[in-house]
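Participant: Structure below; questions to follow.
Coordinate-derived values only; no laboratory data. Worth saying up front: this structure is predicted, and the values here are computed from it rather than measured. Ideal geometry is used to build each Cβ from the backbone, glycine not excepted, and the neighbour counts take in all protein chains shown.
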């Protein structure tokens, strides 16, 4: 119970007793690395003075869920290029070649951030007059490191349409047993990754972001934490900016005032 409460406070994740075995399994490497005899001994170590300080990144990496795919819930990316971007550009028509800022607020290994980069690069290549920058944040340093490397298995990249793969994905000349690919440098330069805990009271992020993606993350949070996180995110959106949630998530039951413009897509008013 004490560990569950700690995880809730640190990362906002609901961890019922039924998940105890899963957590023990994920932390088994840490138990061995520290030379401890059992998971109970690990918990005792965790609550000793400075125990959490040294173990925090390992604990976070072990308990966070990092489910992500390229072009997951593809309707959102279609709506981004066909509706959100045109409306954002219309609102800033006095600016020449404006910079659109997008934030993948739980970016995991970077699939969502690079999907955003692909569809926006396609839009600019087709003549749309704007620049863009993408920030990908996550609490887990392990997945952030993979996002920065931008190296993925060929299986992971499979959802990317063939046309985008030909433009934005480099393949190894010696694929071996486990063929890997890498996102092209031109796209990697447009995406920046940084660690961020959504449970923190403030975020070191610009307050004029145009679009924030936070999909399929809030379902792991307590209801009160969900609303608090959304309010903090809204503070970083420019007026008229968009927040995109997962299709299984909504703002029903909150007192947040945003205009729903599409399934799981909300606009700051």
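Participant: Please determine, in degrees from 0 to 90 and to the nearest 10, the orientation of helix 223-234 with respect to the longest principal axis defined by the Cα atoms of the chain, where the helix direction is its Cα long axis.
Facilitator: It is inclined by approximately 40 degrees.
Participant: Starting with the fewest neighbours, write out 247, 76 ranked by other beta-carbon atoms found within 10 Å of each beta-carbon.
Facilitator: If I rank by nearby Cβ atoms, fewest first, I get 247, 76.
Participant: In whole angstrom, how far apart do the alpha carbon centroids of the range 226-258 and the range 32-64 sit?
Facilitator: Their Cα centres are 34 Å away from one another.
Participant: So, one more: How would you rank 75, 249, going from fewest to most other Cβ atoms within 10 Å of each one's own Cβ?
Facilitator: Ordered from fewest to most neighbouring Cβ atoms within 10 Å, 75, 249 come out as 75, 249.
Participant: Quick one, can you get me the convex hull of the C-alpha atoms of the range 161-209 expressed as volume per residue in Å³?
Facilitator: Spelled out: Cα convex hull of the range 161-209, divided by residues, is 160 Å³.
Participant: Same structure, new question: Rounded to the nearest 0.05, what FRET efficiency do residue 48 and residue 155 give with R0 = 51 Å and r taken as the Cβ-Cβ distance? Could you check?
Facilitator: Here the calculated transfer efficiency is 0.75.
Participant: Okay, next question. At q = 0.16, 0.21, 0.22, 0.23 Å⁻¹, what is the base-10 log of I(q)/I(0) for the range 71-166 according to the Debye formula with one equal point scatterer per Cα and no solvent? Please give it to two decimals.
Facilitator: Listed by q, the Debye log ratios stand at -0.72, -1.13, -1.20, -1.27.
Participant: Oh, and also: Between residue 224 and residue 21, what length comes free when the chain is fully extended (0.36 nm per residue of separation minus the Cα-Cα distance, one decimal in nm)? Show your work: numbers first, answer last.
Facilitator: Values: separation 203, 0.36 × 203 = 73.08 nm, distance 2.64 nm.
Result for the pair: 70.4 nm of gain on full extension.
Participant: If we count other beta carbons within 10 Å of each Cβ, what is the order of 221, 47, fewest first? Could the numbers behind the result be given before it?
Facilitator: Numbers: 221 20, 47 11.
Arranged by neighbour count, lowest to highest, 221, 47 become 47, 221.
Participant: Once you put a point 7 Å from the Cα of residue 202 and another 7 Å from the Cα of residue 93, both along the Cβ direction, what distance in nm separates them?
Facilitator: Those two pseudo-labels are separated by 3.8 nm.
Participant: If I fit a long axis through the Cα atoms of helix 111-125 and take the longest principal axis of the Cα atoms of the chain, what angle between them do I get, 0 to 90°, rounded to 10?
Facilitator: So the helix axis and the longest Cα principal axis differ by about 10 degrees.
Participant: When each pair of different Cα atoms in the chain is counted once in the 1/r mean, what is the Kirkwood radius in angstroms, to one decimal?
Facilitator: Every distinct Cα pair counted, the radius reaches 20.0 Å.
Participant: Could you tell me how far the Cα centroid of the range 78-109 sits from the Cα centroid of the range 196-210, in Å?
Facilitator: First find each Cα centre; the distance between them is then 18 Å.
Participant: Could I ask something else about it? For the chain, what is the relative contact order in percent, using Cα pairs closer than 8 Å and at least 6 residues apart in sequence?
Facilitator: Dividing the mean separation by the residue count of the chain yields 18 percent.
Participant: With only alpha-carbon pairs counted, each pair once and no self-pairs, how large is the Kirkwood hydrodynamic radius of the range 138-230 in angstroms? The partial results should precede the final answer.
Facilitator: Details: mean 1/r = 0.0627 Å⁻¹.
About 16.0 Å for the range 138-230.
Participant: Just to confirm the number: angle between the C-alpha axis of helix 2-11 and the first principal axis of the chain, 0 to 90 degrees, nearest 10?
Facilitator: In the chain, helix 2-11 runs at an angle near 20 degrees to the longest axis.
Participant: So if we plug the beta-carbon distance of residue 5 and residue 56 into 1/(1 + (r/R0)^6) with R0 = 22 Å, what FRET efficiency do we get, rounded to 0.05?
Facilitator: For residue 5 and residue 56, the calculated efficiency is 0.90.
Participant: Let me ask something else. Which FRET efficiency value, to the nearest 0.05, do you get for residue 128 and residue 166 by plugging their Cβ-Cβ distance into 1/(1 + (r/R0)^6) with R0 = 25 Å?
Facilitator: Using R0 = 25 Å, I get an efficiency of 0.75.
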